[in-house]
Amino acid sequence: MLKDFLTSIRAMLVLMLLCGIAYPLLIEGIGQAAFPGNANGQQVYVAGKLVGSKIIGQNFGDLVYKDGKVVMSDGSPETTPDPRYFQTRPSGTDPADNDAATEFENYGPNSTITEQAIAANIAAYIQLNGRYYPGGLKAGKIPVDAADTSASGVDPDISIANAEIQAYRVAAVRQLPLSEVRRLVSQYTFGRGLGFSGEPGVDVLELNLALNRVS
């Protein structure tokens with residue numbers, strides 16, 4: 001019995017070293033050598049400063065202050081969308097756009113919680129963009145990716161329809177010609193994967209960086 005116990009301990013230690021240490025280090029080494037950009041999260045730098053990632057969405061907003069102090073909610077600072085920038089789709093992570101713990105709201109399509117969350121996202125989207133959209137913005141015109149969260153909660157891209165609506169706001173706030181903003185949207189629009197998978201989308205981070213360079 002003691003022999004079986006010692007054999008089990010040795011097997012556990014060997015497997016722990018192989019699967020828990022050696023294998024992860026091997027994969028990390030291969031990734032750093034062959035695909036350093038992907039292995040490090042496709043980080044984007046501007047003038048030597050880290051500004052985001054090509055594959056992780058982020059919040060383009062301003063901190064909310066009250067009585068000279070940043071307003072906190074569940075241990076995280078509250079923010080309000082910066083109207084100068086294109087905004088990514090709603091996030092289901094806690095806090096929003098939390099790339100350290102991606103998640104989504106695991107509620108069914110008939111759930112009242114889902115209905116309330118989508119209604120709140122639609123209302124927030126109209127409040128942010130409605131005054132700039134010609135003729136006013138109605139709920140029926142809002143793209144799905146502006147009303148509902150993604151599976152990861154940190155999608156870095158938005159649909160072309162979403163970008164087209166936001167372009168009116170960005171152009172007005174930045175005092176840029178709408179045609180110039182649309183040109184940038186087109187420049188940072190990518191097609192379907194391998195030509196057939198998924199839908200075309202707009203790279204929000206690169207688009208916002210390009211707007212900063214223009215204005």
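The values are calculated or read from the model by the stated rules, or taken from the named source; none is laboratory data. Everything numeric in this text was worked out from a predicted model, so none of it was measured. Quick reminder, even Gly has a Cβ in these numbers, built from the backbone with ideal geometry, and neighbours come from all protein chains shown. Note: areas computed on protein heavy atoms with side chains; ligands, DNA, RNA excluded. Shrake-Rupley method; radii C 1.70, N 1.55, O 1.52, S 1.80 Å.
Would you be able to tell me the number of residues in the stretch 176-214 that are aromatic (Phe, Trp, Tyr) and part of a helix (DSSP H, G or I)?
Initial filter on the stretch 176-214 (aromatic (Phe, Trp, Tyr)): 188, 190, 196.
If we keep only those that are part of a helix (DSSP H, G or I) too, we end up with none.
Result for the stretch 176-214: 0.
For the stretch 1-65, which fully contained strands (runs of 3 or more DSSP E) count at least 2 residues that are closer than 16 Å to Leu205 by Cβ and small (Gly, Ala, Ser)? Outline the logic, then answer.
Values: elements: 43-46, 49-53, 61-63.
The qualifying strands (runs of 3 or more DSSP E) are 49-53.
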Problem - Asn129 vs. criteria open to solvent by less than 40 Å² (accessible area, probe 1.4 Å), under 24 Å from Gly52 (Cβ atoms) and not in a loop (DSSP other than H, G, I, E, B) - result: yes
Exercise for the section: Answer with yes or no whether Arg183 is more than 17 Å from the chain's Cα centre (by Cα), open to solvent by less than 60 Å² (accessible area, probe 1.4 Å) and of a type in the set (Lys, Arg). Expected result: no
Practice task
Return only the number of the condition from (1) farther than 30 Å from Val144 by Cβ; (2) surrounded by 11 or more Cβ atoms within 10 Å (Cβ to Cβ); (3) modelled with pLDDT of 85 or more that Leu25 does not satisfy.
Solution key: (2)
Practice task
Can you confirm whether the stretch 151-164 contains a residue that is more than 9 Å from Arg89 (Cβ to Cβ), at pLDDT 95 or above, crowded, with 22+ Cβ neighbours inside 10 Å and among the aliphatic types (A, V, I, L, M)?
Solution key: yes
Practice task
Taking Thr189 as the residue in question, decide whether it is open to solvent by 40 Å² or more (accessible area, probe 1.4 Å) and among the β-branched types (Val, Ile, Thr).
Solution key: yes
Exercise for the section: Could you tell me whether Arg169 is open to solvent by 60 Å² or more (accessible area, probe 1.4 Å) and either more than 19 Å from Gly52 (Cβ to Cβ) or in a strand (DSSP E or B) (or both)? Expected result: no
Fill in the blank from the handout: Pairing a residue in the stretch 52-80 that is within 18 Å of Asp155 (Cα to Cα) and surrounded by fewer than 17 Cβ atoms within 10 Å (Cβ to Cβ) with any residue that is modelled with pLDDT of 75 or more and charged (D, E, K, R), where Cβ atoms lie under 8 Å and the two sit 6 or more apart in sequence or on different chains, gives Lys54/Asp203; Lys54/Glu206
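From the list Gly140, Gly136, which residue is over 27 Å from Val51 (Cβ atoms), part of a loop (DSSP other than H, G, I, E, B) and free of Cβ contacts under 8 Å to residues at least 40 places away in the same chain?
On the way: Gly140 fails: part of a loop (DSSP other than H, G, I, E, B).
Gly136 is the lone residue from the list that is over 27 Å from Val51 (Cβ atoms), part of a loop (DSSP other than H, G, I, E, B) and free of Cβ contacts under 8 Å to residues at least 40 places away in the same chain.
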